[in-house]
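Peer 1: The following block contains the structure, expressed as structure tokens.
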Amino acid sequence: MHTLGEITEFIDAKLVGDPSIKINGIASLQHSNSNQLSYIVNDKYKKDLISSQAGVVILNESLLADCPTNALVVNDVYLAFAKISHYFKKQITHQAGIHSSAKINNAKINTTCVIGENVTIGNDSVISPNAIIEDNVTIGDNAYLYPNVTILQGCSIGKNAVISSGAVIGSEGFGNARDDQGHWHTIAHLGNVVIGDNVTIGANTTIDRGTLEDTEIHDGVRIDNLVHIAHNVIVGKDTAIAANTGIAGSTTLGKRCMIGGMVGIVGHLNICDDVIVNAKSTIDKNIKNPGTYTGIMPLMNHKQWQNVGLWLVKLDKIVEYLNIKLKNLKGN
């Protein structure tokens with residue numbers, strides 16, 4: 001727990017409020033309480049700022065008048081958030097064996113595993129050699145974790161999960177802020193990963209924890225080997241994702257989608273239910289209607305690619321124009 005005075009000094013902010021107030025965590029504007037810090041990077045979230053219950057908000061001068069609570073005024077909000085996020089990140093020290101506080105309900109745990117504080121493992125689950133289960137993890141009944149699986153602090157795994165070797169659940173998300181000198185400052189990710197029932201996860205797949213909210217993998221999802229799912233992604237029920245696919249942060253996939261191998265999906269997108277994406281496609285915009293989609297381009301100089309793309313989106317109009325011209329020629 002830190003006072004606003006301490007936080008103000010650490011991020012070199014101007015405090016508008018009471019320096020003695022104590023802050024015990026970070027949360028989004030929508031879900032924060034009076035003991036938590038939040039932040040806002042642009043006007044897009046002004047409505048959430050106005051209604052926020054946060055104890056303090058990091059913002060720039062232009063949004064100060066709309067802040068209903070204590071404020072930390074800075075020039076670069078994202079950089080200030082990156083710095084302060086590490087104040088609230090708990091570091092885990094791994095100890096060999098099973099911690100005395102762990103609740104093991106008739107599960108089979110290999111003697112080479114690391115089981116942290118307050119871990120709960122359900123009935124008939126199997127934890128294979130060299131698995132690491134960090135503090136406050138919950139694993140449901142009848143789960144099977146293959147050798148060398150890592151489940152990091154605070155994550156939740158549902159019933160009947162199958163997680164193959166080398167998978168990492170709850171890895172740090174890829175969030176960085178740059179300062180005036182061009183140096184990167186890593187953001188500590190404070191959310192978790194929540195995985196539903198009957199989910200399978202392939203070998204060497206990584207699923208990042210959320211920045212503040214959780215990354216969610218819903219019931220019945222099938223994930224192949226070597227898939228990367230970034231922070232705050234939501235994967236809907238019964239969706240299947242093939243190998244080498246990468247999904248960038250804060251994207252939502254609907255139910256019953258099928259994502260082919262080596263697909264790239266950029267961040268902050270919404271993909272509706274019942275979408276099929278063919279292998280090697282790149283998805284760079286929202287998909288609002290069910291169906292099959294392909295987005296593959298040959299490799300070329302970027303400037304040439306921009307010109308080609310410009311003409312591609314006009315092809316239907318070009319064809320229509322040429323057909324009209326052809327009819328006119330025939331008429332003559």
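Peer 1: Checking the cross-link filter: which lysines have an alpha carbon closer than 27 Å to that of residue 108, excluding same-chain neighbours under 8 positions apart?
Peer 2: Answer for residue 108, where 27 Å is the Cα cut-off: 159, listed by chain and number.
Peer 1: How would 62, 101, 38 rank on accessible area, largest to smallest, probe 1.4 Å?
Peer 2: 62, 101, 38
Peer 1: Still on this structure, I have one more. Give me the net charge of residue 43's neighbourhood, meaning all other residues with Cβ under 14 Å from the Cβ of residue 43; Lys, Arg count +1, Asp, Glu -1.
Peer 2: With Lys, Arg at +1 and Asp, Glu at -1, the neighbours total 0.
Peer 1: Right, another one. Kindly provide the helix-only [θ] at 222 nm of the chain, computed as the sum of -39,500 (n - 2.57) over DSSP H runs of four or more divided by all residues, to the nearest 500 deg cm²/dmol?
Peer 2: Roughly -4500 deg cm²/dmol at 222 nm, from the helical runs in the chain.
Peer 1: Within the chain, what percent of beta bridges assigned by DSSP are antiparallel, to the nearest 5?
Peer 2: Counting DSSP beta bridges with both partners in the chain, the antiparallel share is about 10 percent.
Peer 1: Using each residue's phi in the range 95-106, evaluate 6.51 cos²θ - 1.76 cosθ + 1.60 at θ = phi - 60° and report the 3J(HN,Hα) Karplus result to the nearest Hz, with x for Gly and Pro.
Peer 2: Values, residue by residue: 10, 4, x, 9, 5, 5, 8, 5, 10, 10, 9, 6 Hz.
Peer 1: I'd like to check one number: the per residue accessible area of the chain, probe 1.4 Å, reported in Å² as a whole number.
Peer 2: 52 Å²
Peer 1: Please sort 237-248, 42-53 by packing, taking for each peptide the average over its residues of neighbouring beta carbons within 10 angstrom, highest first.
Peer 2: Packing proxy ranking, top to bottom: 237-248, 42-53.
Peer 1: Right, next: Can you work out ³J(HN,Hα) from phi for every residue in the range 260-275, in order, using Karplus 6.51 cos²θ - 1.76 cosθ + 1.60 and θ = phi - 60°, giving whole Hz and x for Gly and Pro?
Peer 2: Values, residue by residue: x, x, 6, 7, x, 10, 6, x, 6, 10, 10, 10, 6, 5, 6, 9 Hz.
Peer 1: How many percent of DSSP beta bridges within the range 177-332 run antiparallel, rounded to 5?
Peer 2: Just about 5 percent of them are antiparallel.
Peer 1: Could you work out the relative contact order of the range 128-171, using alpha carbon pairs under 8 angstrom and six or more residues apart, expressed as a whole percent?
Peer 2: This gives 40 percent for the range 128-171.
Peer 1: Whenever you get a sec, compute what percent of the accessible area on the range 61-108 sits on carbon and sulfur atoms (1.4 Å probe).
Peer 2: 47 percent
Peer 1: Work out, step by step, the length gained on full extension between residue 162 and residue 117: first 0.36 nm times the residue separation, then minus their alpha carbon distance; give nm to one decimal.
Peer 2: Taking 0.36 nm per residue and subtracting the Cα distance, the gain is 13.9 nm.
Peer 1: While we're here: Sorted by mean Cβ packing within 10 Å, highest first, what order do the peptides 69-79, 104-114 take?
Peer 2: Going from most to least packed, we get 69-79, 104-114.
Peer 1: Just subtract the alpha-carbon distance of residue 315 and residue 12 from 0.36 nm times their residue separation and send over the number in nm, one decimal.
Peer 2: Full extension of this stretch gives 103.7 nm more.
The values are calculated or read from the model by the stated rules, or taken from the named source; none is laboratory data. These figures come from a predicted structure and were not determined experimentally. Cβ atoms come from the backbone with ideal geometry, glycine included; neighbour counts cover every protein chain shown. The accessibility values were calculated without ligands, DNA or RNA, using every heavy atom of the protein model including side chains. Shrake-Rupley method; radii C 1.70, N 1.55, O 1.52, S 1.80 Å.
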